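Inspection log for the structure reproduced underneath, given as structure tokens.
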Amino acid sequence: MEPHNHSSLAEFVLLGFPRVGRIRGWLFVLLLLAYLFTICGNMLIFLVIRLDAALHTPRYHFVSILSFLELWYIATTIPKMLASLLSEKKTISFAGCLLQTYFFHSLGASECYLLTAMAYDRYLAICRPLHYPAVMTPTLCGKMTAACWTCGFLCPISEVILVSQLPFCGYNEIQHIFCDFPPLLSLACKDTSTNVLVDFAINAFIILITFLFIMVSYGRIIGAVLKIKTAAGRKKAFSTCASHLIVVLIFFGSIIFMYVRLKKSYSLTLDRTLAVVYSVLTPLVNPIIYSLRNKELIKAIKRTISRKGGRASPTHH
């Protein structure tokens, strides 16, 4: 048994954005606005899809679940970032750090699986249109959604258990904007090669397998679309996939570089930048991408607002 364990280190110092100096206030306002916009945008998409019967299709079901997931995903990190920017005391308890890491990775894994389910839905709709209504039933949509959440929340358990058993007996400053496995492992006062290997294996399986499945799906989708004879038909088919593909490339592009690597050391500046991309930027742009590029969703938003406005107005007789 190690002479020191995590009980000798009750809390960590979460450095967040060091050396911001005078721009701290501006950074706080920018981050707060991004947080509020993300919450409002994703909440609007989720509610409109749930309230508008015209959008009760498998495609929009998955979009609404993605928006719901993003609400929780962004809530695991940004509130603590905002608190750290305002306060000189940037501490987080050992248990709090592990919980933040667990939920961040659980929701991230769930998003990987959900984006894969969305790619499969688009593949069926474009490559197997005659079979699509019979295959992609509401029951299957519900089962796929439940599987995405369940698998996502099971994936990081072993990693969290391994980290919780590491001794942290000295330096306690986390060189990152939130608690995560790589910066935590760099603080442990024992060999963490087993942790690094387990992290790599789990992340490689989750991220690379789902990304490969998505790319194969889109390879077949592109092949099917190119066979469409009319330009209007090709444009319509591509438009149903473009939003999802943009989100996939932004999200997977950053997390593959961040988590699929067999090393403990890392570039602090680069990792902070990538962390901002997948923890702040992706949830922020999702409502923009899915709403501005989607005429059907924009019409549904207008219908919902007009109905709410009509109910709010007093009736005169």
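Odds and ends about this structure:
- Once the chain from Ala231 to Lys143 is taken as fully extended at 0.36 nm per residue, the excess over their C-alpha distance is 28.1 nm.
- For Ile174, residues with placed amide H under 5 Å, excluding near neighbours: Val13, Leu14, Leu15
- Count of Lys pairs (Cα-Cα under 18 Å; at least 8 positions apart or interchain) in the range 11-303: 9
- For the chain, the solvent-accessible area of protein heavy atoms averages 50 Å² per residue (probe radius 1.4 Å; ligands and nucleic acids excluded).
- Expected 222 nm ellipticity per residue - DSSP helices of 4 or more, -39500 (n - 2.57), all of the chain, to 500: -23000 deg cm²/dmol
- Equivalent ellipsoid semi-axes, the chain, via Cα gyration tensor eigenvalues times 5, rooted, Å: 39, 25, 17
- Sparse-neighbourhood loop sites, chymotrypsin sites (Phe, Trp or Tyr not before Pro) in the range 202-249 - DSSP loop, at most 12 other Cβ within 10 angstrom: none
- The chain: DSSP helices with Cα axial extent of at least 30 Å and average Kyte-Doolittle hydropathy no lower than -1.0: 24-51, 94-127, 231-259
- Protein accessible area in the range 118-208, 1.4 Å probe - carbon and sulfur %: 69
- Within the shell of other residues whose beta carbon sits under 12 angstrom from the beta carbon of Met81, the net charge comes to +4, with Lys and Arg scored +1 and Asp and Glu -1.
The values are calculated or read from the model by the stated rules, or taken from the named source; none is laboratory data. Here the structure is a predicted model, which is why all the values come from computation and not from measurement. In this analysis, Cβ positions are derived from the backbone assuming ideal geometry, glycine residues included, and neighbour counts consider all displayed protein chains. Note: accessible area is taken over every heavy atom of the protein model, side chains too, but ligands, DNA and RNA are not part of it. Shrake-Rupley method; radii C 1.70, N 1.55, O 1.52, S 1.80 Å.
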